[in-house]
1. With modelled with pLDDT under 85, among the aliphatic types (A, V, I, L, M) and assigned to a helix (DSSP H, G or I) as the only criterion, which of B:133, B:179, B:125 stands out?
2. Tell me the residue from B:88, B:25, B:75 that is over 30 Å from residue B:163 (Cα atoms) and of a type in the set (Val, Ile, Thr), please.
3. Check B:109, B:71, B:104 and return the single one that is part of a helix (DSSP H, G or I) and surrounded by fewer than 16 Cβ atoms within 10 Å (Cβ to Cβ).
4. Just for segment A:14-29: of the residues that are touching a residue at least 12 places away in the same chain (Cβ under 8 Å) and more than 13 Å from residue B:92 (Cβ to Cβ), which one is farthest from the other protein chains (Cβ to nearest Cβ)?
5. Find all pairs meeting these conditions: Cβ atoms under 7 angstrom apart; at least six residues apart or on different chains; first residue within segment B:157-172 and in the same structural domain as residue B:142 (by TED's automatic domain parsing) and under 18 Å from residue B:236 (Cα atoms); second residue in a helix (DSSP H, G or I) and not small (Gly, Ala, Ser).
6. Mind listing whichever residues of segment B:198-220 are facing another protein chain (nearest Cβ under 10 Å), within 19 Å of residue B:29 (Cα to Cα) and not in a loop (DSSP other than H, G, I, E, B)?
7. Out of everything in segment A:178-211 that is of a type in the set (S, T, N, Q) and facing chain B (nearest Cβ under 10 Å), what residue ends up being farthest from residue A:115 (Cα to Cα)?
Amino acid sequence: MIASSQARLSSVIITRIVVLTALLAALELACRLGVIDRVTMIPPTEMVAALWQILASGRFDSDIAFTTGNIAAAVALAVGLGFFVGAGLHALPRLRRVIEPMLSAYYAIPTFIFYPLLIVIFGVGRTALIVMGAMFAIVAMIVNTILGLDRVSKVVLQSAVMLRLDWFRQLILVRLPAAGPHLVTGLKLAVTYSVIGIVAGEFILATSGIGKRVAFAYDNFDNNTMYGMLLLLLLGVIAVNGLLSTWERRLHRRFGQQ
Amino acid sequence: MKSTRLDTAILVFGLLLVWQLLYMVAGANVISAPLATLIRAGQLLADERFWLHIKSTGEAFGLAGIIAIVLGIAVGLWLGFRRFAGDVADPFINTLYSIPKITLYPLILLAFGLGMSAKVAFGVIHGLFPVTIFTMGAVRNVAPIYYRTARIMRLTDFATLATIMAPAALPEILAGIRIGVALTLLGTLIGEFFASTSGVGFALIRASETHAVTDVMAITLLLFVFAASVNALLNFIQRRLRHNG
């Protein structure tokens, strides 16, 4: 049984690799043969070459550092604040009941419509972008914090009471680790939403950053730079997302009762 | 129920109060007053030119929504039904769902040009994957006894999907549609931000470029109300179905 399910798993993985390779090869061929013209898209191999050239020359290092720093700051802000707001709402059921429907409607609104307002308040620069990213990300963290705290088992809480921990220690020492899997889900979503908020902000108006470079390259028909930077951004997001997903799965398995 | 309604009223009142205070602290350059915003929103709704924007957005949103839902359910049913294909496709779809689609905007613009088709494409790439993922998960979670029943009745694959799997999975599929529709609206508006000369998103970005603060706030408010209403409606349908099913 185990052997056959392992054989199945490896055949699934092999099929995945074959499908991915075939898709990339088809795209490469379509670009090379001119089915997709060069103004629209450059062949994948050239994208990789462009990315390599960008990284080797180091000419966009400051933009890359700018965007990564902004994303890190926004995620830290959203996750930190979101956890405490979520814990607060969890402790106040009456407020929570009223606010929860608003939280679930939040992502139906494109938050970066507030970006122009943020520029007016904070000026063009880091702060407006970070606030933008954090605003977009915080609700995912709040929702997942509440979800995680709901799932903390009673036994764990009773032992916290027996140890006579005060509210804050109970939250940090007992509830936080017990809600771990959902908090990592919140963190994962916070990263995705921060990237959307910040890159969208940089597309619209910014002095530097990956989004700014992509928009500039687009305006100037510089497809090498544009696709190189896009590839960098996507690979970065997929890598971080993959790492967090693995961590999430491992935590879920350890706290397997849910 | 009654106390929830009272609490909601208190909260809305509190938010309006905070809004008014923010306005008094920050000034008319930054945000507009609640009352002025409401009046402006009313004026916009009475304005024929604004209705042209609404119509343009509505058409793109409707078309994108239909494509995302139909395509998402079709692909999701198939991937859920054919377990091997589903296992192979799973990480690809999840990755596509999780990447920030906004980074693809130059690609969409180059492929579709400015205008209606780019807006629709933007809406579809946002809404398609959640519908697919939820449908696929729903079909996989259908109790095995239904499969056996279908086999006993010697139903064809198509008949199994259409008459047994789809109805059994409907509540979860609706949850996917709810998320998908919200993201389609988001995607369509993003499309209008960057790739359009008409529509509510375009009106909003133009208002912010010309620094018409009251217009920005009024359109934002209208969008919020619209999005929240769509969300509430789909929530309602979903809950009704769960009670019946």
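The values are calculated or read from the model by the stated rules, or taken from the named source; none is laboratory data. Keep in mind that this is a model prediction, so the values were computed, not measured. Positions of Cβ are backbone-derived with ideal geometry, glycine not excepted, and every protein chain shown enters the neighbour counts.
1. On the way: B:133 fails: modelled with pLDDT under 85; B:125 fails: modelled with pLDDT under 85.
Result of the check over B:133, B:179, B:125: B:179.
2. Values: B:88 fails: over 30 Å from residue B:163 (Cα atoms); B:75 fails: over 30 Å from residue B:163 (Cα atoms).
From the options B:88, B:25, B:75, the qualifying one is B:25.
3. B:71
4. A:28
5. Every condition considered, the pairs that remain are B:169/B:135; B:169/B:139; B:170/B:241; B:171/B:238; B:171/B:241; B:171/B:242; B:172/B:134.
6. B:204, B:205, B:207, B:208, B:209, B:213, B:216, B:217, B:219, B:220, listed by residue number.
7. Filtering segment A:178-211 for residues of a type in the set (S, T, N, Q) gives A:185, A:192, A:194, A:207-208.
If we keep only those that are facing chain B (nearest Cβ under 10 Å) as well, we get A:192, A:194.
Numbers: A:192: 18, A:194: 13 Å.
Per the stated criteria, the residue is A:192.
Every residue, every condition in (1) at pLDDT 85 or above; (2) over 16 Å from the mean Cα position of the chain (by Cα); (3) in a helix (DSSP H, G or I), yes or no:
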{"residue": "A:129", "(1), (2), (3)": "yes, no, yes"}
{"residue": "A:139", "(1), (2), (3)": "yes, no, yes"}
{"residue": "A:148", "(1), (2), (3)": "no, yes, yes"}
{"residue": "A:152", "(1), (2), (3)": "no, yes, no"}
{"residue": "A:158", "(1), (2), (3)": "no, yes, yes"}
{"residue": "A:171", "(1), (2), (3)": "no, yes, yes"}
{"residue": "A:176", "(1), (2), (3)": "no, yes, yes"}
{"residue": "A:191", "(1), (2), (3)": "yes, no, yes"}
{"residue": "A:196", "(1), (2), (3)": "no, no, yes"}
